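Okay, structure first, notes after.
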Amino acid sequence: MKFLEGHFVKDFAAFAVAVVLVAGGFNYVNAAPDEDIRIVKVNDSNFESEVLKSKKPVILDVTSTSCPPCLIMIPTLIGIAKNYPDIKVATVGIDEPGIDNIKATLPIQAFPTFFLIKNGQILDRLVGVVKEEQLLSALQYTPKKTAAKPAKKSKNSPKNLVCKVNGQFNGIKNLVTISFVFGENEIENVDIVTDGFIPPEMEPQREQILARMQASGKGEVTPTMTGFRMHIDNDCRFMKAMDMKRTSTYGEMRAGLELQGFTCK
């Protein structure tokens, strides 16, 4: 099959149908015994079986650990995976190995990019931070009218969560640290720090790199000895504009971030 006008037309016959088995089953992530979150991690080996041949409509999230908007979308994706079991939520980490065929096939130009796929066909594509209702609409999905379930709470869940990951983007290595403070019913505070490390060969471009980061308006950017630090706090304009969904629990956020390669404590 190839990709043309909303259809996959590139031959994926060469793709292995193998599915990586972890956590006692398919490559799904489970938050905690009482918080069953199912998000599929996709690469070249299982793209055909999990996405193209999926019996459920698929929201495919193409993400990067170096992308603050991608991190902000995690609670929304967790909510869809939890509340709509007849939709499959899948994710592709653009920084990870084993996705060359996916990158050659899908028109990926920015992060996050969401491909809305049904019966092996792309119905729509959305870029950037979007709301749950936009994703469902693009998927041509009408939510069933069911009584809202109260959020499950764990009396023993910690209040604070700190997760870190090493990544790279456009030749710049970075360390991303995201911190949460959880209240009784919602996430009370989110703080994202990205430490970028500019390699020696890119040092002559340091000023231009810092200028681009500052112009993005995504947070406060300050120079460091090794590169730069970008800080996005709970009250910054970027975070408020993103309208982050805040009802995810400690277990759900930890599971979602660990799926993206973060180490949490």
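Throughout, read-outs are computed from the coordinates displayed, never taken from laboratory work. Computed from a predicted structure; not experimentally measured. Please note: Cβ atoms are built from the backbone with ideal geometry, for glycine as well, and neighbour counts cover all protein chains shown.
Odds and ends about this structure:
- Cα gyration tensor shape for the range 67-128, rounded if a/c is under 1.5, else prolate or oblate: oblate
- Taking the centroid of alpha carbons for each part, the range 112-126 and the range 170-209 are 28 Å apart.
- Residues of the range 61-93 with amide N under 20 Å of the 7 Å Cα→Cβ point at Gln121: 87-88
- Amide proton proximity set for Gly227, modelled H, under 5 Å, gap of 5+: Ile198
- Over 20 Å apart at the Cα level, from the set Lys88/Lys118; Lys173/Lys245; Lys159/Lys240, are Lys173/Lys245; Lys159/Lys240.
- Global geometry of the range 110-265, whether rounded, prolate or oblate, following the gyration tensor of its Cα atoms and the 1.5 cut on a/c: oblate
- Most to least packed among 51-64, 110-123, 188-201 [average Cβ atoms within 10 Å]: 51-64, 110-123, 188-201
- Protection proxy ranking of 82-94, 165-177, 132-144, by the mean of other Cβ atoms within 10 Å over each peptide's residues and highest first, is 82-94, 165-177, 132-144.
- Förster radius 25 Å - calculated FRET efficiency between Lys55 and Asp233 (Cβ-Cβ, nearest 0.05): 0.05
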